[in-house]
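Enquirer: Got a structure for you, written out below as structure tokens; questions coming shortly.
Derivation of every value follows stated rules applied to the coordinates shown; laboratory data play no part. Remember, predicted model here, so these are calculated numbers, not experimental data. Here the Cβ positions follow ideal geometry from the backbone for every residue, glycine too, while neighbour counts run over all protein chains shown.
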2 protein chains.
Amino acid sequence: MSGLYIGLVHYPIYNKHREIITTALTNYDIHDIARSATTYGVQKYFIIHPVPAQRELATEIMAHWQTGFGSTYNPDRKDAFQGLSLVETWQDAVASITEETGSPPKIITTDARVYPNTITYREMRQKLQETKESYLLLFGTGYGMTEEMMQQFDYILEPIYGAGRYNHLCVRAAAAIMLDRLLGEAWWS
Amino acid sequence: MSGLYIGLVHYPIYNKHREIITTALTNYDIHDIARSATTYGVQKYFIIHPVPAQRELATEIMAHWQTGFGSTYNPDRKDAFQGLSLVETWQDAVASITEETGSPPKIITTDARVYPNTITYREMRQKLQETKESYLLLFGTGYGMTEEMMQQFDYILEPIYGAGRYNHLCVRAAAAIMLDRLLGEAWWS
């Protein structure tokens, strides 16, 4: 197990017109990212949503796989959901980690712009290997987290670049790639 | 652009009882993998399905984003679908590449078992950088492609290992990670 926690943020999020909105929960964001997180030994996957009815929906989806028909049909899903936690705000995720570990996590996210606290994947991977500190990596939905929110974070990871001009990975793919870079085996060496 | 093509196989596939089945098309397999493929400069993404009604469904989903309401609402999706091709069998994908490039591609897939032609990500990445040959990387759905099919392929990539015992990435996450390892920037150096 690594010292890494991850969270998926649904508010405050920009829409395409740069207005601040709450995004809807996506079934595949729950499943896909939970499976990636469990595969890479992430401590906990927080689904962060301010709307009670949306958290309730997530609970029902998880219950299907944890105790309902899905738990016997596909037990792998059940295991993937054991590290999943539903919270209202990202501050609640921080509080939960602080309670668990005794100290607040460093907060990381990713952005296309370069900041004074921008960090490379290589540096972040090394930090995760060498320190006992905990880290919370937050992923945005929609058109990303607000600038006000991002300014409160400790590290900004570089975006993932592909080969060309097009650079629109879905959050599920971006999360998988980031976990592979930060926690995966050193396949290149 | 790389010399890499990818394909998502829906038949012949094992179910959990090791019976040979045709899997249903998943909307998110179309979207997520198309966006990852376009980001990493994959030549073409083949969706391989033997059932005409399922290929028709994929065509309709794509049309929504390519010419329908979605094309103006979210033009990024339109670009992602430009490299997408619907075919009936994996042999059709091979024939299409052969027609396009003048010679048949080498075929690659991934499997948990070790074969005489098992290859590392590092070796495969080097091949893609150094040769002008084309390669077709096939992903299975369900519980994977049949052994008979896999025996006809040129290279078998090692599976992606995480930190622990749990190893159940969804195909969308596995595809994203594999493209990052094979075609992504050398972020570790």
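Enquirer: Show the residues, 5+ positions off or on another chain, whose built amide H is closer than 5 Å to the amide H of B:G144.
Expert: Placed amide hydrogens put B:Y14 under 5 Å from B:G144.
Enquirer: Another question, if that's okay. Which distance in Å, rounded to a whole number, links the C-alpha centroids of region A:1-76 and region B:156-187?
Expert: Taking the Cα centre of region B:156-187 as reference, the centre of region A:1-76 is 21 Å away.
Enquirer: Ignoring everything except DSSP H segments at least 4 long, calculate the 222 nm mean residue ellipticity for chain B; use -39,500 (n - 2.57) per segment, divide by total residues, nearest 500.
Expert: -12000 deg cm²/dmol
Enquirer: Let me ask something else. Just from the alpha-carbon atoms, what are the Rg and Dmax of region A:25-99 in angstroms?
Expert: 12.2, 36
Enquirer: Number of Lys pairs in chain A with C-alpha atoms less than 30 angstrom apart, excluding same-chain neighbours closer than eight positions?
Expert: 10
Enquirer: How far is A:E158 from itself in the other copies, in nm, if each label sits 7 Å out from Cα along the Cα-Cβ line, shortest first?
Expert: 2.5
Enquirer: Skipping prolines and chain starts, which residues have an amide H placed within reach, meaning under 5 Å, of the one on B:T118, given they are 5 or more residues away or on another chain?
Expert: B:I156
Enquirer: Is the shape of region B:1-47 rounded, prolate or oblate, going by the alpha carbon gyration tensor and its root eigenvalues a ≥ b ≥ c, with a/c under 1.5 for rounded and a/b larger than b/c for prolate?
Expert: Prolate shape, in that a/c is at least 1.5 and a/b is the bigger ratio.
Enquirer: How far apart are the A:P52 label points across copies, placing each 7 Å from Cα toward Cβ, in nm, shortest first?
Expert: Going from nearest to farthest copy, the values are 5.3 nm.
Enquirer: I'd like the Karplus ³J(HN,Hα) series for region B:78-83: coefficients 6.51, -1.76, 1.60, θ = phi - 60°, whole numbers in Hz, and an x wherever there's a Gly or Pro.
Expert: Per residue, the Karplus-derived 3J(HN,Hα) values read 4, 4, 5, 8, 5, x Hz.
Enquirer: Out of every Cα pair in the protein assembly as shown, what percent are spaced more than 27 Å from each other?
Expert: Distances greater than 27 Å cover 49 percent of the Cα pairs.
Enquirer: Could I ask something else about it? Among rounded, prolate and oblate, which fits region B:1-136 when a ≥ b ≥ c are the square roots of the eigenvalues of its C-alpha gyration tensor, a/c under 1.5 means rounded, and a/b larger than b/c means prolate?
Expert: oblate
Enquirer: Once phi is turned into θ = phi - 60°, what whole-Hz ³J(HN,Hα) does the Karplus curve with 6.51, -1.76 and 1.60 give for every residue of region B:31-38, x standing for Gly and Pro?
Expert: 3J(HN,Hα) across region B:31-38, in whole Hz: 5, 4, 6, 4, 5, 5, 4, 5.
Enquirer: What is the dipole size for chain B, taken about its Cα centre, with +1 at each Lys and Arg Cβ and -1 at each Asp and Glu Cβ, in debye to the nearest 20?
Expert: 440
Enquirer: Using the 7 Å Cα-to-Cβ label point, sort the distances from A:T72 to its equivalents in the other copies shortest first and give them in nm to one decimal.
Expert: 5.2
Enquirer: From the phi angles alone, apply the Karplus equation (6.51, -1.76, 1.60; θ = phi - 60°) to region B:64-74 and give each ³J(HN,Hα) in whole Hz, x where the residue is Gly or Pro.
Expert: 4, 8, 8, 10, x, 3, x, 5, 8, 5, 9
Enquirer: Just grab the label-to-label distance for A:I21 and A:T98, each label 7 Å out from Cα along the Cβ direction, in nm (one decimal).
Expert: Here the modelled spin labels are 3.2 nm apart.
Enquirer: Compute the distance in nm between two label points, each set 7 Å from the Cα along the Cα-to-Cβ direction, one at A:T89 and one at A:T120.
Expert: Placing both labels 7 Å beyond Cα along the Cβ direction yields 3.7 nm.
Enquirer: What is the percent of Cα-Cα separations in region A:59-189 that go past 21 Å?
Expert: The share of Cα pairs beyond 21 Å in region A:59-189 comes to 53 percent.
Enquirer: Go through B:150-162, A:17-29 and give me the packing order, highest mean Cβ count within 10 Å leading.
Expert: Sorting B:150-162, A:17-29 by mean packing, highest first, produces B:150-162, A:17-29.
Enquirer: Give the long-range amide H neighbours of A:G7: residues separated by 5 or more places, or on another chain, with amide H under 5 Å away, using H modelled in the peptide plane at 1.01 Å from N.
Expert: When sequence neighbours closer than 5 places are left aside, the close amide H contacts are A:F46, A:L137, A:L138, A:F139.
Enquirer: Also, quick follow-up: Of the candidates A:E148, A:E123, A:E133, which one comes out as most mobile in a Gaussian network treatment of chain A with C-alpha springs shorter than 10 Å?
Expert: With Cα springs under 10 Å in chain A, the top fluctuation among A:E148, A:E123, A:E133 is at A:E148.
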